[in-house]
Amino acid sequence: MRGSNVPARRAQSLIRPLVRRLHAYVPGEQPKIKRLIKLNTNENPYPPAPAVLAAIKRAVDGRLRLYPNPTAQKLRERLARHHGCDPANIIVGNGSDELLAMATRAFVEPHGLDEPRLDRKAHQVAKHTVQYFTPSYSLYPVLTEAHGAIANGVPLARAFALPSIEQLRLNRIWNFHAALTFVTTPNAPSGRGYATTDLERLCRVQRGVVVLDEAYVDFAEENALQLALRYPHLLVARTFSKAYSLCFQRVGYFVGHPELIAALDKIRDSYNVNGLGQIAALAALNSLAYYRSNFRQIVSTRMRLSRVLADLGFDVFPSQTNFVLVRPPRFRACDWLEKLRERKILVRWFHAPEVADFLRITIGTDREMDKLLRAAKEILK
Ligand SMILES: *Cc1c(COP(=O)(O)O)cnc(C)c1O
């Protein structure tokens with residue numbers, strides 16, 4: 001490595017202890033293998049709507065020298081119309097990941113690592129606490145750690161169900177006063193959908209901010225967006241990445257109370273959403289017919305894949321997303337990962353003990369799913 005003769009110790013001593021100890025988020029691989037079937041990061045197998053591509057191409061000219069609109073004004077106005085709310089209810093981010101990080105910074109008090117032992121009284125801990133269910137999005141603990149806050153991961157109920165309020169009251173570790181609670185709905189990596197009435201019940205008993213992370217909601221039976229317009233402590237997170245085939249462009253948004261949105265806006269980078277992203281998202285909202293048929297196609301492929309995998313002996317969890325979580329037969333999940341990889345099919349396997357026996361498979365095109373099924377049959381032969 002270049003520069004490796006420079007003493008590393010000196011450089012390391014300049015880094016905050018918290019950052020030195022940090023475990024970075026581990027994204028799914030983006031390998032450059034020819035003709036690979038990539039089913040590991042929940043990308044949409046279909047391209048963005050033709051009008052979206054055309055809008056981006058039209059925008060690529062000398063205007064690239066100019067700063068984009070700092071508040072994504074047009075996009076927020078269009079989103080407000082789409083959701084029947086006000087632009088003041090909306091903040092746009094460089095992907096919803098950026099907004100999840102901003103929520104951590106805006107609502108959670110970091111605790112000084114150099115402080116003497118933290119007072120463990122519940123109400124004192126609460127203001128430092130980021131809470132989430134496990135398993136869910138593995139970014140939440142990373143954001144928490146990076147902020148110097150306390151992570152409180154609480155196991156979901158059986159089959160990844162949301163625990164009832166009664167169960168949470170009996171559960172000694174759930175914190176009803178946590179400064180921030182993330183709920184992935186539908187859940188990842190299980191794919192399980194949650195009823196809006198259950199989410200509402202949960203939100204009503206939480207004192208701190210609750211973020212409902214609806215990254216996959218377009219593939220689900222219901223969504224909880226209206227709750228964000230009814231409760232002052234609720235934010236709904238959406239993204240153009242998965243459903244709208246725009247991972248590359250990095251556009252996500254929060255819907256919520258204008259006070260929370262204004263607070264987030266204060267800590268936002270001035271030009272956090274790039275101009276082509278704003279243009280792409282706006283065009284996507286004007287191509288909803290295309291996307292609705294795309295969602296229907298993915299849901300129908302998901303149902304077919306689930307059926308056939310179940311026939312092959314896989315335990316398939318019912319999904320309301322563009323992926324399925326399965327427990328494969330015969331071999332260990334990590335061995336399946338390798339066997340599929342040898343056949344140029346990439347799926348996702350997580351180390352986390354509660355899901356280590358499972359594979360997460362993104363729904364691809366019907367052709368890709370046929371190849372996956374053929375490979376699975378071959379492996380089982
Ligand atoms: C993909 C994903 C996101 C992040 O989406 P971006 O908008 O691309 O940052 C957020 N939450 C969950 C649960 C996701 O799976």
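The values are calculated or read from the model by the stated rules, or taken from the named source; none is laboratory data. Small disclaimer: the values here were computed from a predicted structure and weren't measured. Note: ideal-geometry Cβ built from the backbone for every residue, glycine included; neighbour counts use all protein chains shown. Only protein heavy atoms, including side chains, enter the accessible area calculation; ligands, DNA and RNA are left aside. Shrake-Rupley method; radii C 1.70, N 1.55, O 1.52, S 1.80 Å.
Within the assembled protein chains, the solvent-accessible surface assigned to Arg304 is about 60 Å², based on a 1.4 Å probe.
Given q = 0.19 Å⁻¹, what are the Debye log10 I(q)/I(0) values for the range 1-100, with equal point scatterers placed on the Cα positions and solvent ignored? Each listed q corresponds, in turn, to -1.16. Packing order of peptides 74-80, 154-160, highest average first: 74-80, 154-160 (average count of other Cβ atoms within 10 Å over each peptide's residues).
Across the range 19-26, coupling constants 3J(HN,Hα) worked out from phi with the 6.51/-1.76/1.60 Karplus curve, θ = phi - 60°, read 6, 4, 7, 5, 9, 6, 5, 9 Hz, and Gly and Pro carry x. Of the accessible area of the chain, computed with a 1.4 Å probe over protein heavy atoms only, carbon and sulfur atoms account for 52 percent. Rounded to the nearest 5, the antiparallel percentage of DSSP beta bridges internal to the chain is 45%. In sequence order, the range 316-324 has phi-based couplings of 10, 7, x, 10, 10, 9, 9, 8, 10 Hz under the Karplus curve 6.51 cos²θ - 1.76 cosθ + 1.60, θ = phi - 60°, and Gly or Pro positions carry x.
Reducing the range 341-380 and the range 1-71 to their Cα centroids gives an inter-centroid distance of 25 Å. Using 0.36 nm per residue and subtracting the Cα-Cα separation, the extra length available between His177 and Ala11 on full extension is 55.8 nm. Rounded to the nearest 0.05, what FRET efficiency do Lys371 and Arg65 give with R0 = 45 Å and r taken as the Cβ-Cβ distance? Could you check? Rounded to the nearest 0.05, the efficiency is 0.50. Fully extending the segment from Glu166 to Glu259 would add 30.4 nm, taking 0.36 nm per residue of separation and subtracting the current Cα-Cα distance. How much net charge surrounds His147 when only the other residues with a Cβ under 11 Å from the Cβ of His147 are counted, with Lys and Arg +1 and Asp and Glu -1? Taking every Cβ under 11 Å from that of His147, the sum is -1.
Label positions at Ala310 and Asp198, each projected 7 Å from the Cα along the C-beta direction, are separated by 1.8 nm. Proximity of backbone amide H atoms, modeled 1.01 Å from N, is registered between Asp213 and Val183, Thr184, Thr185, Ala237 at under 5 Å, excluding neighbours fewer than 5 places apart on the same chain.
Computed 3J(HN,Hα) for the range 90-107, one whole-Hz value per residue from the Karplus formula 6.51 cos²θ - 1.76 cosθ + 1.60 where θ = phi - 60°, is 10, 10, 9, x, 6, x, 6, 3, 4, 5, 4, 5, 5, 4, 4, 5, 7, 10, glycine and proline marked x. State the Cα centre-to-centre distance between the range 282-310 and the range 228-275 in whole Å. Spelled out, the Cα-based centre of one part sits 23 Å from the other. Among the lysines of the chain, pairs at least eight places apart or on separate chains and with Cα atoms under 18 Å apart come to 14.
So for the chain, Kirkwood radius off the Cα pairs, Stokes-Einstein at 25 °C and 0.890 mPa s: how many µm² s⁻¹?
Rounded to a whole number, D works out at 110 µm²/s.
Per residue, the range 50-288 exposes an accessible area of 45 Å² to a 1.4 Å probe, with every protein chain left in place.
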